[in-house]
Structures are given as structure tokens and as C-alpha cells.
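The structure under discussion appears below in the form of C-alpha cells.
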Amino acid sequence: MDSGSFIGRNYRIWQRIQTAVELIYPPRCLGCGELTEADFGLCGACWRDTPFIGGVVCESCGVPLPGEVDGHRIECDDCMKTARPWQDGRAALMYDGKARALILALKHGDRPELAKPAARWMAQAGRDLFRENMLIAPVPLHWSRLIKRRYNQSALLAQHLGRDTGIEVCPDLLHRRARTPVLDGKTAAQRAETLAGAISAHPRQGSRIKGRDILLVDDVMTSGATLTACARACHAAGANHIFVLVLARVAKDA
Ligand SMILES: [Zn+2]
Ligand SMILES: [Zn+2]
């Protein structure tokens, strides 16, 4: 038996299992729980209410920008004011409306199944970032928070993203040495100071970073302080280029 027919047969078996699973558990909308036909995870109404990012975006953080692509690098005011320690960044959603509810459910609501469709949206938004021999690294969570939440939502997104794109994932490439206080409500400078030195390459994994392009993955980017700390840790460990891909970007006035 050649491998082609083997794969073909396995695929057909897999399809039959999928169909059986769908008969028992018909797909439901991730946003409202209604039955859906599509594989996107959202019903039509929730899809319309979810602020997906498209069109012209800031090359550094992925926030949508007015105007048209003219072949020059475009950046938002934030990224022009504070140069990012990474090459390019993208976001799948704006942190608003339905997207905010989905992300809070993924983060605090114990709904890890949201990570799979979310990673697919990220794979779409980040398609220009993917490189040969890249390594995906999730933003780390301190172990004490990990116990409370049971899973690191960024690591979950990274794993699904790796499956969707075929890019290698290293879940513990970076680690948080100190437990940092919640950053919400702090200024950019305060966030940066709180995080300085808190994140570093894991001693066991540091050698995997050297000379490689790293894709940092997180659920939400607000000021970018956490991603900045992660990027600096990767640079310190000898990374080549660093890219950033998040599920959602918080708008400046949000
Ligand atoms: Zn819905
Ligand atoms: Zn930007």
C-alpha cells in the first residue's frame, strides 16, 4: 500500500468520525450558544458583532489605520512614538464588544475550547509574519497564576497556531521569574518598570532561541509592555528577528 492511499483512507475514516461527532454534538456558536452550520465557530449575528481587523494596519502592532497601502511602512502614533523591540506585529481582533467577551471567557471563564477558532483567526491575521525555521513562544504566566487559572491562554493559542501553521512551538521558551502585579490601569512607563527583568529565556530552552526568528503569541496587547519584556528576553538570548501576533489589540481610547 502506498502512502497516498493510506493517508486517503485515514482521512476518510477521520471524516466519518467527524460526522459522527457532529451528529452527537452539533456545532454551537462560541458567542451565543446558538446552533451553527459553519466551522468558523460563530453564528452570522455574532460574526457581524465581532470586530475582526482587516484592511490597512500598523505594521508594528496590527491596529487598523485609515488610508490605503502605498508600499511604504505604515505605523500608528503609539508605535511611532515608542519604537517596538520587534520587527512586525499583527492582531486578529479589536478588543471590543463580542471580542472582549470571548477573550474574557478564554482567560477567566475556563473555556479553553475557544482557543482553536481564535488561533485560526490569528493564523489568518498573521499570515505575513510566518518565516522558515521560526519558533512560536507564548507569553508566560507566573506559576501561581497558572494554578489559579488552570491553563495559560497564550500557550493554548500558541499550540493551536502551531498546529494550523506547521510552525514549531516551544511552550516554555520564556518564563516569568517574578510574580508581577496586574498591569491594568498602570501607565506605559509603570508597566515597563514593573516588568523589567521579570521575564527571561528559560535556562533549559535558551539555546533554541539563538539565531532564530521568534513569533511571540499573546491573547491581548494593550501598551505592549509585556511583549516588550518578552522581546528583550529573546534578544538577550540571541534571537534573530522577533514578530508579535496577538488575538486582540486594545484601541488607544478603550
Ligand atoms: Zn452567536
Ligand atoms: Zn502600532
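The values are calculated or read from the model by the stated rules, or taken from the named source; none is laboratory data. Keep in mind that what you see is a predicted model, and the values were worked out from it rather than measured. Cβ coordinates were reconstructed from backbone atoms using ideal geometry, including for glycine residues, and neighbour counts include every protein chain displayed. Side chains are part of the model used for accessible areas, which takes the heavy atoms of the whole protein and leaves out ligands, DNA and RNA. Shrake-Rupley method; radii C 1.70, N 1.55, O 1.52, S 1.80 Å.
Within region 48-70, restricting attention to residues that are under 19 Å from the mean Cα position of the chain (by Cα) and not in a loop (DSSP other than H, G, I, E, B), which residue is nearest to ligand 2 (Cβ to nearest atom)?
My answer is 57.
Before we move on, is residue 73 outside any helix (DSSP H, G or I), of a type in the set (Lys, Arg), surrounded by 17 or more Cβ atoms within 10 Å (Cβ to Cβ) and within 15 Å of ligand 2 (Cβ to nearest atom)?
Values: outside any helix (DSSP H, G or I): yes; of a type in the set (Lys, Arg): yes; surrounded by 17 or more Cβ atoms within 10 Å (Cβ to Cβ): no; within 15 Å of ligand 2 (Cβ to nearest atom): yes.
Taking the combined requirement at face value, the residue does not satisfy it.
Does residue 113 satisfy being more than 16 Å from the chain's Cα centre (by Cα) and not aromatic (Phe, Trp, Tyr)? Give the steps one after another, and end with the answer.
Values: more than 16 Å from the chain's Cα centre (by Cα): no; not aromatic (Phe, Trp, Tyr): yes.
For residue 113, the condition - more than 16 Å from the chain's Cα centre (by Cα) and not aromatic (Phe, Trp, Tyr) - is not met.
Looking at (1) over 16 Å from residue 241 (Cα atoms); (2) of a type in the set (D, E, K, R); (3) open to solvent by 70 Å² or more (accessible area, probe 1.4 Å); (4) at pLDDT 75 or above, which is the only condition residue 210 fails?
(1)
One line per residue, one yes/no per condition, for (1) surrounded by 14 or more Cβ atoms within 10 Å (Cβ to Cβ); (2) outside any loop (DSSP other than H, G, I, E, B):
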position	(1), (2)
118	yes, yes
127	no, no
130	yes, no
144	no, yes
151	yes, no
154	yes, yes
162	yes, yes
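Listed here are the residues, each with its yes/no results for (1) modelled with pLDDT of 80 or more; (2) open to solvent by 50 Å² or more (accessible area, probe 1.4 Å); (3) within 15 Å of ligand 1 (Cβ to nearest atom).
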residue: 23; (1), (2), (3): no, yes, no
residue: 36; (1), (2), (3): no, no, yes
residue: 39; (1), (2), (3): no, yes, yes
residue: 44; (1), (2), (3): yes, no, yes
residue: 55; (1), (2), (3): yes, yes, no
residue: 58; (1), (2), (3): yes, no, no
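From the list 49, 88, exactly one residue is in contact (Cβ under 8 Å) with a residue 60 or more places away in the chain and farther than 28 Å from residue 150 by Cβ. Which is it?
88
Please determine, by comparing only the residues of region 97-107 that are touching a strand residue (DSSP E or B) at 6+ places or on another chain (Cβ under 8 Å) and surrounded by fewer than 20 Cβ atoms within 10 Å (Cβ to Cβ), which one is modelled with the highest pLDDT.
Among them, the one singled out is 100.
Considering every residue within region 220-237, establish whether at least one is surrounded by 18 or more Cβ atoms within 10 Å (Cβ to Cβ) and in a strand (DSSP E or B). Before the answer, list the steps.
The first filter runs over region 220-237 and keeps only residues surrounded by 18 or more Cβ atoms within 10 Å (Cβ to Cβ), leaving 220-234, 237.
Now restrict to residues that are in a strand (DSSP E or B): 220-221.
So far as region 220-237 goes, yes, one or more of its residues are surrounded by 18 or more Cβ atoms within 10 Å (Cβ to Cβ) and in a strand (DSSP E or B).
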